[in-house]
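What follows draws every value from the coordinates through simple rules; no lab data is involved. Just so it is clear, the structure is predicted and the values come from calculations on it, not from any experiment. Cβ coordinates were reconstructed from backbone atoms using ideal geometry, including for glycine residues, and neighbour counts include every protein chain displayed.
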Amino acid sequence: MLYLQLRTKSFHFEPSCLIYIRREQCRSRKIIKDMIIGYLRVSTGKQNPANQQDEIRRFADSRNLSINQWVTEVASGKKKGCDRKLGGLIRRMKHGDTLIVTEVSRLSRTLTDLMAIMGKCLEKGINLYTTKEGYSFDNSINSKVLCFAFGLVAEIERNLISMRTKEALALRKAEGVVLGRKKGSYTKMNVLIENRKVVVGMLKQDCTITDICRRFDISRDTFLKFRSRYKEIDKAMKEKETRRKGKSQKRTV
């Protein structure tokens with residue numbers, strides 16, 4: 001018999017009770033391990049995802065599944081899954097977890113992106129169910145064949161888009177249209193080049209890259225290219241970083 005004292009209360013455990021407790025802990029860990037997640041997506045904030053939630057709940061009940069988590073997202077289906085909340089969700093999910101959606105269009109409206117999402121789920125061993133179409137993507141042979149078929153269609157679509165683009169560009173070129181940006185045209189980089197001294201001054205005042213990008217209406221990538229081309233900008237950035245580290249060290253002291 002095991003004697004256990006917790007604060008002011010004492011408990012006695014028989015060996016059989018300890019075995020039962022251990023089994024219950026294993027069961028609870030298994031439930032936590034294999035998560036079942038319902039994913040809801042609407043294009044605008046005015047749309048209500050309640051219908052999707054009800055349908056997924058009915059599907060789960062019919063299969064004796066319990067939804068552990070609901071993930072709702074307001075985003076266009078044309079936006080890539082990796083750039084949405086869905087991408088982060090799939091990255092966090094583990095082998096054996098289940099993702100349920102009402103239809104494949106909730107994942108993405110473009111076939112190529114849909115294939116990337118499905119391929120990632122298959123690679124990680126995530127079970128994917130759609131309630132309306134009745135698709136089941138898991139580790140079974142049928143799922144892999146279906147996924148291969150989707151991938152083949154996606155590859156054909158990419159090739160057709162590439163062919164149409166090349167044909168359209170060749171036609172415009174034959175008509176005498178100059179493709180691409182005209183030589184010597186004014187770009188965002190020109191704005192930074194003309195204001196190099198201003199940028200250096202802002203960096204000396206410990207302005208952030210975000211502040212500079214907002215000031216001149218440029219992207220972060222444009223600024224990083226600008227920094228790599230001009231030594232005075234790179235020097236000012238390094239000096240700014242040195243000052244920042246010095247201030248942080250003084251605070252810790």
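State, to one decimal in nm, how far the label point of Asn51 lies from the label point of Asp83, with both points 7 Å from Cα in the Cβ direction.
2.7
Sort 40-46, 168-174 for me by packing, meaning the mean count of neighbouring Cβ atoms within 10 Å per residue, highest on top.
On the way: 40-46: 13.9, 168-174: 10.7.
Per-residue Cβ counts within 10 Å, averaged per peptide and sorted highest first, yield 40-46, 168-174.
Which distance in nm do the two modelled labels at Met163 and Asp61 give, with both placed 7 Å along the Cα-to-Cβ direction?
Modelled inter-label distance: 4.9 nm.
Neighbouring Cβ atoms within 10 Å as the yardstick, rank Met189, Met35, Met118 fewest first.
On the way: Met189 14, Met35 17, Met118 24.
Fewest to most other Cβ atoms nearby, the residues stand as Met189, Met35, Met118.
Scan the range 85-166 for trypsin sites (Lys or Arg not before Pro) in coil per DSSP, keeping those whose Cβ has at most 11 other Cβ atoms within 10 Å, and list them by number. Show your work: numbers first, answer last.
Details: sites: Lys85, Arg91, Arg92, Lys94, Arg106, Arg109, Lys120, Lys124, Lys132, Lys144, Arg158, Arg164, Lys166; in loops: Lys94, Arg109, Lys132.
Taking the range 85-166 and a limit of 11 other Cβ atoms within 10 Å, the loop trypsin sites (Lys or Arg not before Pro) found are Lys94.
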